Amino acid sequence: MQRRSFVKSTFGAAGLGAAGLGESVATNWHAQPNLLAKNSFKLKYAPHIGMFENSAGKDPIDQLKFMADMGFTALEDNGMMGREPAMQEKMGKEMARLGITMGVFVLDKGGNSQNTLAAGKPEYVDIFLNGCRRAVETAKRVNAKWTTVVPGDFERNLPIGIQTGNVIDALRRGAEILEPAGIVMVLEPLSDSPNLFLRTSDQTYEICRGVNSPSCKLLFDIYHMQKNEGHIIPHINWSWNEIAYFQIGDNPGRNEPTTGEINYKNIFKHVYQKAKAEKKEFIFGMEHGKSMTGKEGELALIKAYVESDSFTV
């Protein structure tokens, strides 16, 4: 696809909203240069493969091109480790050509949901360490720096301090594999189940300090942290020194910003200003669904990011 010049606003000088674009616009975005236009986002928002497949088709390469044409400068692909190496390399080359930064992919621990690191069992640790080794190879192909790690469930028959020590020990060994390759495992506290060991940002902060490696940091998923702890901006400030990555999802619903109760414009502005003062840059993974279906839903999602990114600096 030939690159082209775009106007700054997503919906062009005519100010067309998502609802007014209709089927004809999104059917072939190559032929609609004046209606689907490139944004200049202040932050590095990272869509997922599949998020815009109604507009761009199912081919991951075409989806990457569409993301770039909409102004997105990063990508998340949780299932990247499951893709064929040839596709990984192809996507890596296309992202480099388009100026898209690869965000997180999930570190595959062998598909065993029971391999909780809190148990301290050598066989579970070995599965995790093998996943770290494979993650290094995947990261090379797609120019990735971050991989998401979830320690697993509580081991209910052990005291919490022993479980925490077991997790720290395992993560230290993982960091020894990842650190020489420049890969950072970002630990993600989740709200999906009360059985999960890692639940809050302060708990994750404590574990990162215990591991004491630049390859073990916090993934602050705003959706999950709104559910588990609330008080989002203070928690970001408290855990700031261990945060390496953010993810997005409004609550309730886990859809795009502006569809729930979280004031993303304020959060984005806060992180932007704080990061700029310290000369840092973060990726914000768009790990959420869409509040509307089809092509209109994809365009509404883009419009929501334009609105949430419109804070004054």
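The values are calculated or read from the model by the stated rules, or taken from the named source; none is laboratory data. Owing to the predicted nature of the structure, the values given are computational and were not obtained by experimental measurement. Note that we place each Cβ from the backbone using ideal geometry, even for glycine, and neighbour counts take in every protein chain shown.
For residue 197, are the conditions met, namely being among the aromatic types (Phe, Trp, Tyr), surrounded by 21 or more Cβ atoms within 10 Å (Cβ to Cβ) and closer than 20 Å to residue 103 by Cα?
no
Quick one: residue 183 ticks every box in (1) under 28 Å from residue 251 (Cβ atoms); (2) touching a strand residue (DSSP E or B) at 6+ places or on another chain (Cβ under 7 Å) except a single one, so which number is it?
Evaluating residue 183 over (1) under 28 Å from residue 251 (Cβ atoms); (2) touching a strand residue (DSSP E or B) at 6+ places or on another chain (Cβ under 7 Å) leaves (1) as the failure.
Considering the stretch 228-279 alone, what residues qualify as being in a loop (DSSP other than H, G, I, E, B) and under 17 Å from the mean Cα position of the chain (by Cα)?
Answer for the stretch 228-279, where residues must be in a loop (DSSP other than H, G, I, E, B) and under 17 Å from the mean Cα position of the chain (by Cα): 248, 249, 250, 251, 254, 255, 256, 257.
Before we move on, is residue 94 surrounded by fewer than 20 Cβ atoms within 10 Å (Cβ to Cβ) and more than 24 Å from residue 45 (Cα to Cα)?
Judged against the criteria, residue 94 is not a match.
For the stretch 142-152, state whether one or more residues are closer than 17 Å to residue 216 by Cα, within 16 Å of the chain's Cα centre (by Cα) and among the basic types (Lys, Arg).
For the stretch 142-152, residues closer than 17 Å to residue 216 by Cα, within 16 Å of the chain's Cα centre (by Cα) and among the basic types (Lys, Arg): present.
Let me spell it out: the conditions are (1) within 30 Å of residue 94 (Cα to Cα); (2) buried (at least 22 other Cβ atoms within 10 Å of the Cβ); (3) free of Cβ contacts under 8 Å to residues at least 60 places away in the same chain; (4) not basic (Lys, Arg), and residue 143 meets all of them except one. Which number is the exception?
Just one mismatch for residue 143, condition (2).
Here's the yes/no breakdown for (1) out of contact with any Lys or Arg (no Cβ under 9 Å at 6 or more places or on another chain); (2) farther than 20 Å from residue 104 by Cα:
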site	(1), (2)
242	no, no
245	no, no
261	yes, yes
266	yes, yes
270	yes, yes
274	no, yes
278	yes, yes
282	no, no
286	yes, no
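Give the residues of the stretch 138-152 that are closer than 11 Å to residue 81 by Cβ and touching a helix residue (DSSP H, G or I) at 6+ places or on another chain (Cβ under 8 Å), sorted by residue number.
138, 139, 141, 142, 144, 147
Which one of these is closer than 30 Å to residue 168 by Cα, out of contact with any Cys (no Cβ under 9 Å at 6 or more places or on another chain) and modelled with pLDDT under 95: 109, 38?
When all the criteria are applied, what remains is 109.
If we keep just the residues of the stretch 262-300 that are surrounded by 15 or more Cβ atoms within 10 Å (Cβ to Cβ) and of a type in the set (Asp, Glu), which is farthest from residue 50 (Cα to Cα)?
The selected residue is 296.
Residue by residue through the stretch 81-101, note down the ones that are under 18 Å from the mean Cα position of the chain (by Cα) and closer than 14 Å to residue 137 by Cβ.
81, 82, 83, 88, 92
For the stretch 153-204, give me the residue count where each residue is in contact with a helix residue (DSSP H, G or I) (Cβ under 7 Å, 6 or more places away or on another chain), over 23 Å from residue 222 (Cβ atoms) and of a type in the set (Lys, Arg).
The total comes to 2.
Give me a count of the residues in the stretch 64-80 that are under 25 Å from residue 219 (Cα atoms), crowded, with 21+ Cβ neighbours inside 10 Å and either in contact with a Gly (Cβ under 9 Å, 6 or more places away or on another chain) or modelled with pLDDT under 95 (or both).
So the count comes out to 4.
This table checks each residue for (1) touching an Asp or Glu at 6+ places or on another chain (Cβ under 8 Å); (2) surrounded by fewer than 24 Cβ atoms within 10 Å (Cβ to Cβ); (3) in contact (Cβ under 8 Å) with a residue 40 or more places away in the chain; (4) not in a helix (DSSP H, G or I).
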residue	(1), (2), (3), (4)
180	no, yes, no, no
189	yes, no, no, yes
192	no, yes, no, yes
204	yes, no, no, no
207	no, yes, yes, no
220	no, no, no, yes
223	yes, yes, yes, no
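Kindly provide the set of residues from the stretch 183-205 that are under 18 Å from the mean Cα position of the chain (by Cα) and of a type outside the set (D, E, K, R), ordered by number.
183, 184, 185, 186, 187, 189, 190, 191, 198, 200, 201, 204
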